[in-house]
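Beneath this line is the structure, given in structure tokens, with notes to follow.
Please treat every number below as a calculation from the coordinates, not as lab data. A quick note: this is a predicted structure, and the numbers were derived from the prediction, not measured.
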Amino acid sequence: MDFLLELKDRNELLFYFGMANVALSLIFIVLSFFTTIEVAGANAWYKPTKFALSIGLYSLTMGWLMYYLPQAKGISICSWLIIIMLGFEILYIGLQAGRGQLSHFNQSSALYSSLYMLMAFAATVVSFVTLYIGLRFFQVDLPHLPDHYVWAIRLSLILFFIFSLEGFVMGSNLSHTIGAADGGAGLPFLNWSRQFGDPRVAHFIGMHAIQVLPLLAYYVLKDVKLTFVVSALYACVAVYVLVQALQGRPFIGL
């Protein structure tokens, strides 16, 4: 409870938005037990569950990190941009799941194509919001925080930005499978392809750097040089699985 109260005190807007998405993910996963509808070869409610969890975690993390920066008007604007952009995404993804329709890569009508483009725009806005916050961490002195922790935050936000833009790799292909159409055999729940390349793996690893690296630096590494080394290794892993996917090879084969 103390941790939740701390999250709320740091950024009330992103706290409530993040927790709303966590609640949505629970609703979606319950719904998954009561449907036989599949979209792209997976339970229709798996995608909104994953997105709600990811958006919730991202929002809570950004609320925690942005608290360290001077609380100028720009921080409030960033919070609202995250809520509006990602709020649109999760509502549309959930709506399409309920209708048994694709949300991403749906070109079946002018309306769906336009809504998919709006989702791409929303995701891009959030990517640049994250980059802006990352650059702010390079511009301000934070003497009350350990240097290794600050560097982990800086590097993780940059990694998030780079690998969030990897979404354009999938967007340009109108598919998240390299070497075949979407819908083949995949890992349970995650649905990452077990037969062909899947850029979602690198997308996932790179974007979740904002949770992994600061936690590692603060609780385990506790050293600036080690933080740089581990961050570089982490980035190499993300790049490796991206190259693997682009070559059409699965992250974990059958």
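Quick notes
- Karplus-derived 3J(HN,Hα), 6.51/-1.76/1.60, for each residue of the range 141-149, Hz, glycine and proline x: 8, 10, x, 7, 10, x, 4, 5, 6
- The range 1-143, relative contact order in percent, only Cα pairs under 8 angstrom and at least six apart counted: 25 percent
- Relative contact order computed over the chain (Cα-Cα under 8 Å; 6+ residues apart), in percent: 17 percent
- For the range 171-185, the Karplus equation 6.51 cos²θ - 1.76 cosθ + 1.60, evaluated at θ = phi - 60°, returns couplings of x, 5, 8, 6, 6, 9, 10, 9, x, 6, 6, 4, x, x, 4 Hz by residue, with Gly and Pro reported as x.
- Each principal axis of the Cα cloud of the chain was taken in turn, and the coordinate range along them, longest first, works out to 53, 36, 33 Å.
- The 3J(HN,Hα) values that the Karplus relation (6.51, -1.76, 1.60; θ = phi - 60°) gives for the range 223-228 are, in residue order, 7, 5, 4, 4, 4, 5 Hz. Gly and Pro appear as x.
- Helical runs (DSSP H, four residues minimum) scored at -39500 (n - 2.57) apiece and divided by the length of the chain put the mean residue ellipticity at 222 nm at -22500 deg cm²/dmol.
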